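None of the figures in this text is laboratory data; all of them are computed from the coordinates on show. Everything numeric here is computed off the predicted structure, so don't read it as measured data. Backbone-built Cβ (ideal geometry, glycine too); neighbour counts: all protein chains shown.
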Amino acid sequence: MSYKPRWNKNTFIFGGAAAWALLLVGCVMADRTMVAPPSMAGATFVGSEKCSQCHDGITSKFHDASHAKMMAPGDNAKDIGCESCHGPASLHVKSGGGAGTINNPKNSPETCFQCHLDKRGEFNLPSTHPVMAGKMGCSDCHNAHTGDAVLEGSTNMDTTNSSCLKCHTSQGGPYVFEHEASREGCVVCHSPHGSVNNKMLKTRNANLCLQCHFQQQTAPGVILIGGRDHAGFLPRGTCWSGGCHEAVHGSHISSSLRF
């Protein structure tokens, strides 16, 4: 007697789930070195040693950079170095350094997005720096050629806040009454690549402040923050919009960070 397979809704549901699982496993197990370097019509790869002949000031420091991990020895991997971000350099070398003969990641974030996939999504969130609009680039805040990896998975900044203060000068003070969070770094409160919250804040409510300012409930209806009962203040809105602590970066007149 021949067997006839029985196809029903469960067959398609579980079969489809299994197929997606196999596809997901395949993607997760894929080596990230499969990302292709930028292309340049008519150009071939020449290796990073050629780059050092003219750009020694950059290549001599590159061994300390996070991106130096992309370097690989041997002829079979000679394009995994400078050319993994800048593309094949034969035409650039032949022309003696023509600007239009090499990929310049400074002009577009697309080269960075090839590896930093999550940042493409963050830069498309409602509140973000104008990178996608072409008004600034990744290199305005990050130096890809030197420095160690730091928090948030980016490349090294000059100091914790210096990259931000190049543009946001007024937020740097000095202030008579300093907000200690500034010493921790702007990224304590802000997501610099993008956020769903206004001003790239990590959260939109008082929880942003409460991650550092400990609250304690000593009695029913009493919420102590900084030794003062805030039960009547919290319903007004956020700490910085409720008329209490507007000078969040620092103040010249109040230790409670008021204007």
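Please report, in Å, the Rg and the Dmax of the range 115-202, where both are computed over Cα atoms only.
13.3, 43
Starting from 0.36 nm per residue, how many nanometres of slack lie between Ile58 and Ser39 once their C-alpha separation is accounted for?
Full-extension gain reported as 4.6 nm.
Counting only other residues whose beta carbon sits under 15 Å from that of Gly250, what net charge do I get with K and R as +1, D and E as -1? Let's see the in-between values first.
Values: positive: Arg183, Arg258; negative: Glu178, Glu180, Glu184, Glu246.
Here the charged neighbours net out to -2.
Given R₀ = 35 Å, what would the calculated FRET efficiency be for Arg204 paired with Lys69, taking r from the Cβ atoms and rounding to 0.05? Display every interim value, and only then the final one.
Values: r = 37 Å, r/R0 = 1.04.
So, using R0 = 35 Å, E works out to roughly 0.45.
Shape call for the range 78-117 from the C-alpha gyration tensor, a ≥ b ≥ c root eigenvalues: rounded (a/c under 1.5), prolate (a/b greater than b/c) or oblate?
Working: a/c = 4.13, a/b = 1.61, b/c = 2.56.
Cα axes put the range 78-117 in the oblate bin.
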